[in-house]
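Written out below as structure tokens is the structure these notes cover.
What follows is calculated from the coordinates using simple rules that are stated; it is not laboratory data. All values derive from a computational prediction rather than experimental measurement. All Cβ positions, even for glycine, are placed from backbone atoms using ideal geometry, and neighbour counts span all protein chains on display.
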Amino acid sequence: MDILLVILFGVAGGFVGGMVGVGGGILFVPALAIVLDEPQIEAEATSLLAIVIVAIAGTIRQRRYGNVRMGDAFAIGLTSVAGVALGVIVSNEVSQRTLEVGFAILALAIAAQLVHRASTRPDPAG
Amino acid sequence: MGSEFKRRKLVSPRVSDETQRLLKLAVVGTAAGAFSGLFGVGGGTIIVPLLILWFSYGEREATGTSLAAIVIVAALAAAGQGTYGNVDVVNGLAIGIPAIGGVIAGTALQQRVPQKAVSYLFALLLVAVAVELLI
């Protein structure tokens, strides 16, 4: 039963994400943590695996439109190692509560970014 | 202190444009990596605006390039979290693979739905998520 819910959240998350241009993680983490009751750290870690899959598919599509500058993408990806290591270590050291509060702040920041973007940009569909 | 640094830079511009560019990309990578490892997100929220602001990318190029970078960033972060035994592989695949279909449908419909309304609704959902996590 849970697996069906997970699949449903995957489709719904991807759908809304593709529509408003938000990445998967901000949706996958709460789906796993709140709906499936996974501990916050496991929800975040599992979300990362899902993001890799979605981002590969997205990259293949975007490359066809000529929207991917591979050199810069590799530079950003490969230089992320230190930041990733720091983030992973800190996330495993702090309490579950701290992670939840941190994620809540991130969700609010992204909500603000979305509202700002929607209110300043012309809407293609009116 | 600040003006001294500036003067030295003006007198001997040793750091080439190419190196400066690479350093800036490394700052983007480091910030995105920290967010990814810490919060389980890809880091697009950081990468896309910085590509536009610092590198004069267009919106579409920023999104496309960000996605390609995220493949590497998220893979590294997933591997790191994996060493702590935090990754649920079955759930990760079960959410990630169907999401591809969702993204394709969502992107295709992007031009046909009132994006502003969807953005506001989605922002509201994120506020609800934040409240749920905080209480």
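List of remarks:
- More than 19 Å apart - percent of Cα-Cα pairs taken over chain B: 68
- Across peptide A:95-105, the average count of Cβ atoms from other chains found within 10 Å of a residue's Cβ is 3.
- Charge dipole (the protein assembly as shown, unit charges on Cβ, about Cα centre) - positive-most of A:Thr98, A:Leu5, B:Val41: B:Val41
- Helix-only [θ]222 nm of chain A, DSSP H runs n ≥ 4, -39500 (n - 2.57) each, per residue, nearest 500: -25500 deg cm²/dmol
- Qualifying chymotrypsin sites (Phe, Trp or Tyr not before Pro) in region A:1-72, DSSP loop, other Cβ atoms within 10 Å at most 16: A:Tyr65
- Per-residue mean of foreign Cβ neighbours for A:27-33 is 6 (Cβ atoms of other chains, 10 Å radius).
- Over region A:2-120, volume per residue of the alpha carbon convex hull, in Å³: 124
- Kyte-Doolittle mean at least 0.5 and Cα axial length at least 24 Å: DSSP H helices in chain B: B:17-39, B:59-83, B:89-109, B:115-134
- Span-rule helices in chain A, defined as complete DSSP H runs reaching 24 Å or more along the axis (Cα) with Kyte mean at least -1.0: A:2-20, A:40-64, A:96-120
- Whether region B:89-135 is rounded, prolate or oblate, judged on the alpha carbon gyration tensor where a/c under 1.5 counts as rounded: oblate
- Cα-based convex hull volume of the protein assembly as shown per residue, rounded to whole Å³: 139
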